[in-house]
1. For the stretch 36-73, how many residues meet the condition of being closer than 17 Å to ASP99 by Cα, charged (D, E, K, R) and in contact with a strand residue (DSSP E or B) (Cβ under 9 Å, 6 or more places away or on another chain)?
2. Of all the residues that make up the stretch 1-45, how many are of a type in the set (Val, Ile, Thr), in a loop (DSSP other than H, G, I, E, B) and more than 16 Å from ligand 2 (Cβ to nearest atom)?
3. Answer with yes or no whether ALA142 is open to solvent by 40 Å² or more (accessible area, probe 1.4 Å) and closer than 28 Å to VAL17 by Cβ.
4. Of the conditions (1) open to solvent by less than 20 Å² (accessible area, probe 1.4 Å); (2) over 15 Å from the mean Cα position of the chain (by Cα), PRO182 satisfies every one except a single condition; which number is it?
5. Within the stretch 68-86, identify whether any single residue is touching a Leu at 6+ places or on another chain (Cβ under 8 Å) and either within 15 Å of ligand 1 (Cβ to nearest atom) or modelled with pLDDT under 95 (or both), and answer yes or no.
6. Please tell me if GLY82 is closer than 19 Å to ARG245 by Cβ, open to solvent by less than 50 Å² (accessible area, probe 1.4 Å), of a type outside the set (Ser, Thr, Tyr) and touching a helix residue (DSSP H, G or I) at 6+ places or on another chain (Cβ under 9 Å).
7. Of everything in the stretch 59-71 that's surrounded by 19 or more Cβ atoms within 10 Å (Cβ to Cβ) and part of a loop (DSSP other than H, G, I, E, B), which residue is nearest to ligand 2 (Cβ to nearest atom)?
8. Within the set of pairs 6+ apart or on separate chains, which have a first residue in the stretch 199-222 that is at positive phi, a second that is more than 16 Å from ligand 2 (Cβ to nearest atom), and C-beta atoms under 8 Å apart?
Amino acid sequence: MQNWPYPVICAHRGGGVFAPENTLAGLRCGVAHGFKGVEFDVMLSRDDVPVLMHDPKLGRTVRGTGAVPDYTAAQLHAMDAGAWHSPAHTGERVPLFADVLDYGKQVGLWMNVEIKPVPGFEERTGTIAAQMTAQHYADWLAAPEQHRAQIPLLSSFSFVALQAAQAAAPQLPRGMLYEQIPADWQAQLQQLGCVSLHCNHKHLTPEMTQAIRAAGYWVFVYTVNEAARARELLGWGVNGMVTDRLDLLPPDFS
Ligand code: G3P
Ligand code: MG
């Protein structure tokens, strides 16, 4: 099996706790802290435009009521996604996924695109997020050996979304995401043609890590915010992780 080609420590939701999650300010913050890899969440608007958003309902990071698919991308893009975090980020908007792909590609940021469908929109979200990613990286995907480490990796808790992504853009790497790893993980990963298994580090064991690695998959965990725990996980053979604590787990952490 080849070595993990991506950054080992990645910034969770853009800039971790240091910037509003799933915003361009968040991504810039990750970059400013020296991070070469980042994770964020992608969801569809009412008019089928992918935007960065974690919660299916408004209220926590953007003011308002209702669900994300009640609003068009233009409406979502006009919403303030920064004020909840800190006054300095007031006016930071809900970003369009297309703009984030442009930004990430431009600055050479590796992206773990978590497809986060609102229930009922799994297939469509997977298809559109994969298509858009493949379009933005078409030139690099044409020379995969040269650019392998820079191509975004798609992950999702939704099997259906990842299956749709596989059908839409089979050339993009995929990772199945689990809160807790199910008994049939290997069959699922095989069916989806995954390169990696992503899971909550709290439920991972050294034995499980070894089994996943032995089966030929990389292991990527969320969300690790303590240096000692990160060291332990890396010792087990975990390949990569996301952190909210960009200060405690800097990009050159080992
Ligand atoms: O992709 C890993 C991690 O982001 C999954 O959890 O809720 O932060 O999207 P969540
Ligand atoms: Mg996520």
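1. 2
2. Counting residues in the stretch 1-45 that are of a type in the set (Val, Ile, Thr), in a loop (DSSP other than H, G, I, E, B) and more than 16 Å from ligand 2 (Cβ to nearest atom) gives 1.
3. Details: open to solvent by 40 Å² or more (accessible area, probe 1.4 Å): yes; closer than 28 Å to VAL17 by Cβ: no.
No, not satisfied.
4. Among (1) open to solvent by less than 20 Å² (accessible area, probe 1.4 Å); (2) over 15 Å from the mean Cα position of the chain (by Cα), PRO182 violates only (1).
5. Yes, the stretch 68-86 contains at least one residue that is touching a Leu at 6+ places or on another chain (Cβ under 8 Å) and either within 15 Å of ligand 1 (Cβ to nearest atom) or modelled with pLDDT under 95 (or both).
6. For GLY82, the condition - closer than 19 Å to ARG245 by Cβ, open to solvent by less than 50 Å² (accessible area, probe 1.4 Å), of a type outside the set (Ser, Thr, Tyr) and touching a helix residue (DSSP H, G or I) at 6+ places or on another chain (Cβ under 9 Å) - is not met.
7. Step one: list which residues in the stretch 59-71 are surrounded by 19 or more Cβ atoms within 10 Å (Cβ to Cβ), which gives 61-62, 68-69, 71.
Those still in the list that are part of a loop (DSSP other than H, G, I, E, B) too: 61-62, 71.
Working: THR61: 13, VAL62: 17, TYR71: 20 Å.
Looking at the filtered set, the residue picked out is THR61.
8. GLY216/MET1
The values are calculated or read from the model by the stated rules, or taken from the named source; none is laboratory data. Nothing here was measured: the structure is a model prediction, and the numbers come from that model. No Cβ is skipped: glycine too gets one built from the backbone with ideal geometry, and neighbour counts run over all protein chains shown. The area values use the complete protein model at the heavy-atom level, side chains included, leaving out ligands, DNA and RNA. Shrake-Rupley method; radii C 1.70, N 1.55, O 1.52, S 1.80 Å.
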